[in-house]
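The values are calculated or read from the model by the stated rules, or taken from the named source; none is laboratory data. Predicted model only: the values in this text are computed from it and were never measured. In this analysis, Cβ positions are derived from the backbone assuming ideal geometry, glycine residues included, and neighbour counts consider all displayed protein chains. SASA here: full protein model, heavy atoms, side chains in, ligands and nucleic acids out. Shrake-Rupley method; radii C 1.70, N 1.55, O 1.52, S 1.80 Å.
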Amino acid sequence: MRCLITGITGFVGSHLADYLLERDEVEVFGMDRWRSRTENIEHLGVRVKIIEGDIRDATSMRKIIEEVRPDRIFHLAAHSVVSSSWDTPAEIITTNIIGNLNILETVRQLGLPTRIQVACSAEEYGFVHPYEVPITEENPLRPLSPYAVSKVGQDLLSYQYFMNYGIEVVRTRAFNHTGPRRAESFVASNFAKQIVMVEKGWVEPVLYVGNLEARRDFTDVRDMVKAYWLALERGQSGEAYNICSGKAYTIKEILDMLLDMAKVHIEIRQDPKRMRPSDVPILLGDNSKFCRQTGWKPEIPFETTLRDLLEYWREKIRVKDFDLGNGSINR
């Protein structure tokens, strides 16, 4: 079986490659852009064939898909930082929607029987009333960021291609996920990095935060990629599935768990730059549809996920070479 991962150099893409390579019957291909950072996949060596391309370029996508002729495509490549989407909305919309379109259209034009997993997002649900929690796949989509709008576009475009052309697409609406290799622009990873910087004595013992009241449903990335595999193994084409743990934590609870694992005492300060124009108060998902369909269930305890994330940063930060970023954090 030939599997193509778009965005293989990213957080989820690299973990998905790890998982697929454990399966003897799978040959893994990955797409990256010429400027992509590759530290997440350096350990893979020659076990994965990397092909340079850009999902925004229809010609590039056709060349790659025609060459690989994948049995399955895991479409993970996207602009994924919610907080920065207010600054570059046109780029977010173009990359995420047009990139998705180029994949679907190429598969249609070539007449391939490829099954495609499109990585959508729980951010699509946006504003959720208290009585709508936990969120099912039938909940209205009320996106509250340009990023969320772009993901709604991907989601509905994929559904349209299934209905109109019979393209074998499964839409996965992932809730928050984290773990080793998560970029520092995402909240739990940012907290973990700040803690390690303090532990090493490179910054003052202060940790900067934004909104701590938002509640999020977190899954370990290693459980998430198993779900992506099962989505194409057992999921029904045309369907949308929530992938989540079914338990929500406030950002403050996540911070407190990480602080309990820290080796030093740290003061907490709120940073106005880390606040969003609008924020989704709660994203808590109902995963029962996906679990019934595939038999999947999250297995890794969240405390283990956070401990592994903290150890990742302790290992990664070995020399005094760091950037605390501009305060734009994804939740």
Open item on the list: Just the number please: accessible area per residue for the range 193-280, 1.4 Å probe, all protein chains included, in Å².
Closed with: 41
- [ ] Taking the chain as the reference, fit the longest principal axis to its C-alpha atoms, fit the long axis of helix 99-110 to the helix C-alpha atoms, and give the angle between the two in degrees, 0 to 90, nearest 10.
- [x] 20
TODO: Would you mind getting the accessible area per residue of the range 16-173, heavy atoms of the protein chains only, 1.4 Å probe, in Å²?
DONE: 45
Task: Carbon plus sulfur fraction of accessible area for the chain, probe 1.4 Å, in percent - done: 50
Open item on the list: Can you give me the angle between helix 11-21 and the longest principal axis of the chain, using Cα atoms only, in degrees from 0 to 90, rounded to the nearest 10?
Closed with: 60
- [ ] Provide the FRET efficiency to the nearest 0.05 for the residue 43-residue 131 pair, computing r from the beta carbons and using R0 = 56 Å.
- [x] 0.75
Task: From phi via Karplus (6.51, -1.76, 1.60), per-residue ³J(HN,Hα) for the range 208-224 in Hz, x at Gly/Pro - done: 9, 9, x, 6, 9, 8, 4, 10, 9, 9, 9, 10, 5, 4, 6, 6, 4
Open item on the list: Counting only other residues whose beta carbon sits under 15 Å from that of residue 205, what net charge do I get with K and R as +1, D and E as -1?
Closed with: +1
TODO: Would you mind classifying the range 3-76 by shape? Square roots of the alpha carbon gyration tensor eigenvalues, ordered a ≥ b ≥ c; an a/c under 1.5 is rounded, otherwise it is prolate if a/b is larger than b/c and oblate if not.
DONE: oblate
- [ ] Please give the calculated 222 nm ellipticity per residue for the chain, where each DSSP H segment of at least 4 residues contributes -39500 (n - 2.57) and the sum is spread over every residue; nearest 500 deg cm²/dmol?
- [x] -11000 deg cm²/dmol
Task: Eligible lysines near residue 63 by straight Cα distance, threshold 23 Å, same-chain separation 8 or greater - done: 49
Task: Degrees, to the nearest 10: 251-261 long Cα axis against longest axis of the chain - done: 70
Task: Estimated vicinal HN-Hα couplings, Hz - the range 190-195 in sequence order (Karplus 6.51, -1.76, 1.60; Gly, Pro = x) - done: 5, 4, 4, 5, 4, 4
Task: Hydrodynamic radius by Kirkwood, which averages 1/r over all alpha carbon pairs of the chain, in angstrom - done: 20.2
Task: Interchain or long-range residues, amide H under 5 Å from residue 243's placed H - done: 173, 174, 175
Task: Cleavage-rule hits, trypsin sites (Lys or Arg not before Pro), the range 258-290, DSSP coil, Cβ neighbours within 10 Å at most 16 - done: 263
